[in-house]
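Okay, structure first, notes after.
The values are calculated or read from the model by the stated rules, or taken from the named source; none is laboratory data. This one's a predicted model, so the numbers in the text were calculated from it and none came from an experiment. Here the Cβ positions follow ideal geometry from the backbone for every residue, glycine too, while neighbour counts run over all protein chains shown.
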Amino acid sequence: MKRKIGNVLVVGAGIAGIRSALDLAETGYGVVLIDKAEHSGGVLSQLDHQFPTNHCGMCRMLPLVERDAGGQFCLRKGLFHDNIEILLGTRVTAVAGEPGRFAVSLRTRPTWVDPQRCTGCGACAPVCPVEVPDAFNAGLGLRRAIYLPVPHQVPNAYTIDPAACTRCGACVSACPCGAVTLSTAERKDFRILVVDDEAIVRQSLQSWLEDEGYAVDSAASGPAALEALEKAEYQLMLSDIKMAGMDGVELLRQARALRPDLAVVLMTAYATVETAVAAMKIGALDYLVKPFDPDTLVPMVTRVHEERLAARDRQVEVGAIVLAGGTDYFDPRQQEVNPYGYGRIPAVVTSLEFERIVSGSGPSAGRLVRPHDGRPVRKIAWLQCVGSRDIQCGADFCSSICCMYAVKEAMLAQERGGGDVAATIFYMDMRCFGKSFQRYRDRAEDQGVRFERGRIHSVIPAADSGDPTLRFVGLDGSVRDETFDLVVLALGQRPARGAAELAQMAELPLNPWGFPATSPLSAVRTERPGIVIGGAFAGLRDIGESVILASAASTEAARVLHGAGKSLAAAENEATAFRDVSRQPPRVLVAVCTCGSRILPPGDRTRWVDRLKRDPAVQETIFIDRICTAEGWQALADAISAHPPNRVLIGACHPYVFTRRLRELGRLTRLHPALMDVVDLLGPRMAAAGEGAEAAHDPDSLPRHLAMALARLQKTCRLELEAMPVRRQALVVGGGIAGMTAALAIADCGYPVDLVEAGDRLGGNLPWIGRTLEGHDLLALLQDTAARVGRHPKITVHADTRVRGAFGQAGQFYSTLENTGGVVQTLEHGVVVLATGGGEAATSAYGFGSHPAIFTQKGFQEAWAEGRLDPGALNTVVMIQCVGSREAPRNFCSRVCCPTAIKQALALKQQNPEVAVVVLYRDLMTCGFAETWFTRARRAGIVFVAYGLDDKPKVDAAGPEQPVTVTVTDPVLGRPLTVTADALVLATGIAPGLPADLAAAYGATLDQDGFLAEAESKWRPVDSLAEGVFACGLALGPRNVEESIATAAAAAQRALRILERERLPAAHLTAVVRHGLCARCGRCIEVCPYEARRLDEDLDRILVNPARCQGCGACEAICPNGAAVLNGLGMAQIFGMLDQALA
Amino acid sequence: MSAFEPTIIAFVCNWCTYTGADLAGTSRQTYPLNVRLIRVMCTGMVDPQYVLKALLEGADGILVSGCHPGDCHYINGNYKARRRIKLLKTLLPQFGFAPQRLRLTWIGASDGIEFARVMRELVEQVRALGPSEAGAKMVI
């Protein structure tokens, strides 16, 4: 495979950044993945449970095709891929250049702990005298100033929080590896010039800073300061603003001219803060407001010092930049009034804190107890829309994620409490707007979660217990007080910290809600070509949507690289010619890292050698101190070169961190990395450390670990599995906006695409929709897109054509097309994108069809567009939402109908301000920024009346001549409300148009509503379970135009991953068949979850498709004859390990 | 040797329980050394023969542990394990082993504390059962 034909910078290593990085890495690009935090995984590193499974499943994002390029490990542990370089604690400091060739400056914060030396033993933390709130546990519990950012991640090097650290040096002496450097000696070299016309200020600053070890001089005026600057080099100048003669700003200007590298911090009285802020534009780093004390001054100076001195700056050249910085959460303390008492009432917690409470790695190890007093929780309330849908706190948007995570948390609470927990969700609208969300919510209700409509005014502590008490007005008007053990605030999203700065650096505007803005009708493209936004960085997405947007962003990045001629092509890696050792008896080199003497006390060496020598396969056992260092690794490489073994077993620490190094070692020594293994000896040593002295020194424990790994390794062979060839062209079925977008994205990256459309023209639903809620013109979009499709040399459009049949698998499909003229042709293609769209669902409810004034949303829009309807002549329009939606059998939300109703209502009002519009709804689904238009609609006087499933509106339309009357119970008045409507508009939702037999022909399946069943709703949202088959647009699920376009780009990315390869390589851990033993019973075919096996009738053999097989080993377990073998971890190997384990 | 120290073989899946075990180690959750981990890709690949072989070779207790239901990396491997282990438990007495010697659990990647707890609990349970019935009685 061609490799590294361009580099991309992905900013943010949360779920979207990981998805984007993996996408690009799998497509063969080099990726630099950075995150400002000290860990990857973003907020997901703190979340153990995601709906709908209420578990994790993140690992399903790992590469399926070239599995060996990435580590086959839990993704929460960390991301490992050959093509991805990860820089943590790193941020962008400057962006220059143009698409295809950006120069980005990065700055990595020092951690003061050498990750090469730190083994994560944890000896340092207990001796640290500082305790600060533990951010990983959302502030529940404390951590030390030297800490593990995320306990489960590797490499698990400790890091020092410079803001909390007192530099006492306790950790330096406690570290057995000498990994911590906390010298204050270099402070002497950091020279500070204090400029102030008041002697008292000069003297105090000088003494405070000299106490901290800095070298400080002072000057009494601007000219004196300039003189000092000319004479000697200073790193930092602290200058007063208001000084006689030359003021601080002028001094700043002249000083910067003299010494451009000088950092300047201005000191200002409150009155001149504005001047100080203005001065930052001409190069001041920061300012301090007088009066200030050492606690303010010293940390700031330390920060400047550390950033200056120890930060490693680096510039990367990349072709494109993906910004995937995620979002932050609303801080309930920020509110001017804090009505819910967060921070005052201890039993009021945030949703993130609750996630930590129920996490197995949280402060209470997953037990549902109150964080402050440890009391078991029996009664919990969730308050929705905290920091969302609230104009008072500047959030005229819906955060989109809180309803679903609250439902999930309520279910988790009930699960944890063993049926003994009463969970109540107080909400305004339950926005379960995704494909499976409504059913999930209903499941919660069936399990006893109580849903109470209404916004809670405030939370007060109960007089006796201090427990949080809510006072709320029920829909019937009664005032009720209810006390809970725990109140959880469902916090909304906010722009990520630093998002505005990053946007400014990248010259991107912000949208009206403060998030970085994307281009109209694109959720990923920005004003600046080559810089794209992935995930929730541009606002308000859940995991599934973030993953889709991340893939869509990768597509755009790949497009830029392709357009730039893949200009940053790195040298192609020569395929290594590995030694063929298949006919040799195993000769294993065992290399044990002694890790100081932490793994292996020196006295034990002989015993280990003797134990290992019992196995004749061991050629040699060597001991290396710190194999992870460059010298250690070289010693290993030398040992391999001296007497080439045909297996290498390394006893060290985390196998994860060696994945890439083993591959390098393989290239160096020409021994295939599959024939090398790393066994973790440090983990068991550490786990045993608390087991008492006797057990900790069980001298056989670690040699046994090695012997078990040895048993496995010596029976491991490397199979030359045939790689599947790829037919490098794509078929896209459906010519709506999704299909066209996917086709263009694939074709723009250089692969031929056949675009099949059943109708006579392209465009799908765009013509009738006309424009979006935001007012973007969809007809212009259609014209432009169709024209680009039409003139694209790589796209062949087959109009009036249907796919009649298909077979094949990823890399090689055969599809038969038939047009309306009866002409049949067969296409070969490597991937297929199903973009068959959907339409408005049919209905017969509410008298539809019996009266000319009763429309569906589409019918209403068309009648209006065609002039059959005059808005000026209408007095009253009633809209009924959720017609046949969100109840059996179509129990899902179509998510576009509420925004469409608001769009139509606002347009009516615009054309005829006198018209009365009444919208009857169940839960109004204006998610994300669409909420703003809901606010506008209410301001415009549009009336919204909620109705319940048990009390639906009644429509009376006696005959075409009679007026239509709609009766609904007004929940506030509690009385029926009758409206005579000139037009009744029914929102019937979306019906998918994906034929089951078409999906089945490609091996994909439909869900119960007729949309494509995705492989995984969060982690693989556009893939079907059959590799090589993707879906986008309405075929996948209800979505608006912008979201459909994003799914199309995401599907294209998933397709490009395969098309970029000439062959689909097999991974080392792949099932094989011993045909001589096979009875062709076919049980392995049934049991394979990936449909990787089939019976070839001609050969009379079971064949495994190595590109599909994921190496789970289910076939080996089921095979009665031992004919199915998981190469690398078969029965022979497990038996060998058992022998050693029990020896 | 003061007390009987049982030997436990734990077949743990690569994705969840192995990660949980690893977390137990890195977060200083101690668990008894009697447990010998065998990392498999998925609990769905644990052949009943592995369990029987381990018991016959002298293991006193067997743990099979994987991802929570619905959470399997390989879609449904843990369900396969669940069916298989249930069946195997009914068969163990025919081999002369107490079915309590075999246990199936779900331990997720962040459940390091849970992993250590299950291990301690299992060791105590098996200790109470006494040494394995294998050995002199059985000829393979």
Some residue of the stretch A:398-418 being over 27 Å from the mean Cα position of the chain (by Cα) and in contact (Cβ under 8 Å) with a residue 60 or more places away in the chain: no
Conditions (1) at pLDDT below 90; (2) surrounded by fewer than 19 Cβ atoms within 10 Å (Cβ to Cβ); number of the one not met by A:Val301: (2)
The stretch A:809-845, subset more than 24 Å from A:Pro1038 (Cβ to Cβ) and small (Gly, Ala, Ser), residue surrounded by the fewest Cβ atoms within 10 Å (Cβ to Cβ): A:Gly822
Qualifying positions in the stretch A:135-161 - touching a residue at least 60 places away in the same chain (Cβ under 8 Å) and either of a type in the set (Val, Ile, Thr) or out of contact with any Asp or Glu (no Cβ under 9 Å at 6 or more places or on another chain) (or both): A:Phe136, A:Val150, A:Pro151, A:Gln153, A:Val154, A:Pro155, A:Asn156, A:Thr159
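Would you mind stating whether A:Val789 is outside the structural domain of A:Pro871 (by TED's automatic domain parsing) and more than 30 Å from A:Ala865 (Cα to Cα)?
The answer is no for A:Val789.
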Identity of the residue in the stretch B:48-63, surrounded by fewer than 21 Cβ atoms within 10 Å (Cβ to Cβ) and charged (D, E, K, R), that ends up farthest from A:Leu1126 (Cα to Cα): B:Glu57
Qualifying positions in the stretch A:22-34 - closer than 27 Å to A:Ala1066 by Cβ and either over 12 Å from the mean Cα position of the chain (by Cα) or at pLDDT 95 or above (or both): A:Asp23, A:Leu24, A:Ala25, A:Glu26, A:Thr27, A:Gly28, A:Tyr29, A:Gly30, A:Val31, A:Leu33
Hits in the stretch B:83-118 - residues which are among the aliphatic types (A, V, I, L, M) and either under 15 Å from B:Ala59 (Cα atoms) or assigned to a strand (DSSP E or B) (or both): B:Leu92, B:Ala98, B:Leu102, B:Leu104
Matching entry among A:Arg91, A:Arg76 (being under 23 Å from A:Gly325 (Cβ atoms) and in a loop (DSSP other than H, G, I, E, B)): A:Arg76
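For the stretch A:94-117, which positions are outside any loop (DSSP other than H, G, I, E, B) and either touching a helix residue (DSSP H, G or I) at 6+ places or on another chain (Cβ under 8 Å) or among the polar types (S, T, N, Q) (or both)?
Correct list: A:Ala94, A:Val95, A:Ser105, A:Arg107, A:Thr108.
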Residues satisfying the stated conditions in the stretch A:52-73, i.e. within 24 Å of A:Arg663 (Cβ to Cβ) and within 9 Å of another protein chain (Cβ to nearest Cβ): A:Met58, A:Cys59, A:Arg60, A:Leu62, A:Gln72, A:Phe73
Odd one out for A:Arg611, checked against (1) modelled with pLDDT under 85; (2) of a type in the set (Lys, Arg); (3) not in a loop (DSSP other than H, G, I, E, B): (1)
Test: residue in the stretch B:34-57 that is touching a strand residue (DSSP E or B) at 6+ places or on another chain (Cβ under 9 Å), of a type in the set (Ser, Thr, Tyr) and more than 8 Å from every other protein chain (Cβ to nearest Cβ): yes
Candidate set from the stretch B:58-104 (those that are closer than 23 Å to B:Gly20 by Cβ and in contact with an Asp or Glu (Cβ under 8 Å, 6 or more places away or on another chain)); member that is farthest from the other protein chains (Cβ to nearest Cβ): B:Arg101
Exclusive hit being in a strand (DSSP E or B) and either closer than 20 Å to A:Lys188 by Cα or in contact with a Cys (Cβ under 9 Å, 6 or more places away or on another chain) (or both), set A:Met267, A:Met237: A:Met237
Filter result (under 12 Å from A:Val919 (Cβ atoms) and touching a Leu at 6+ places or on another chain (Cβ under 8 Å)) within the stretch A:875-895: A:Val877, A:Val878, A:Met879, A:Ile880, A:Gln881
Residue, farthest from A:Gly775 (Cα to Cα), within the stretch A:930-981, restricted to residues that are of a type in the set (D, E, K, R) and surrounded by 18 or more Cβ atoms within 10 Å (Cβ to Cβ): A:Lys952
Residues of the stretch A:805-863 that turn out to be among the aromatic types (Phe, Trp, Tyr) and under 38 Å from the mean Cα position of the chain (by Cα), as a count: 3
Odd one out for B:Pro131, checked against (1) part of a helix (DSSP H, G or I); (2) more than 10 Å from chain A (Cβ to nearest Cβ): (1)
Qualifying residue in the stretch A:83-106 (condition: within 14 Å of another protein chain (Cβ to nearest Cβ) and among the charged types (D, E, K, R)): no
Matching residues, the stretch A:1123-1135, being touching a Gly at 6+ places or on another chain (Cβ under 9 Å) and either small (Gly, Ala, Ser) or within 9 Å of chain B (Cβ to nearest Cβ) (or both): A:Ala1123, A:Ala1124, A:Leu1126, A:Gly1128, A:Leu1129, A:Gly1130, A:Met1131
Among the candidates A:Val919, A:Val883, residue that is more than 22 Å from A:Ser400 (Cα to Cα) and either in a loop (DSSP other than H, G, I, E, B) or of a type in the set (Val, Ile, Thr) (or both): A:Val883
Matching residues in the stretch A:118-162 - criterion: being more than 13 Å from chain B (Cβ to nearest Cβ) and in a strand (DSSP E or B): A:Glu131, A:Val132, A:Pro133, A:Leu142, A:Arg144, A:Ile146, A:Thr159, A:Ile160
Candidate set from the stretch A:846-882 (those that are buried (at least 16 other Cβ atoms within 10 Å of the Cβ) and touching a Gly at 6+ places or on another chain (Cβ under 7 Å)); member that is nearest to A:Gly764 (Cα to Cα): A:Gln861
Test for B:Ile9: is it at the interface with another protein chain (Cβ under 8 Å from one of its Cβ atoms), closer than 18 Å to B:Glu114 by Cα, in contact (Cβ under 8 Å) with a residue 40 or more places away in the chain and not in a helix (DSSP H, G or I): yes
Out of A:Arg1074, A:Arg1108, sole residue that is among the basic types (Lys, Arg) and away from chain B (no Cβ under 14 Å): A:Arg1074
Filtered residues of the stretch A:730-772 (kept if of a type outside the set (Val, Ile, Thr) and in contact with a Ser or Thr (Cβ under 6 Å, 6 or more places away or on another chain)): A:Leu731, A:Gly734, A:Ala738, A:Met740, A:Ala745, A:Asp754
Subset of the stretch A:394-432 (residues that are part of a loop (DSSP other than H, G, I, E, B), β-branched (Val, Ile, Thr) and buried (at least 24 other Cβ atoms within 10 Å of the Cβ)): A:Ile401
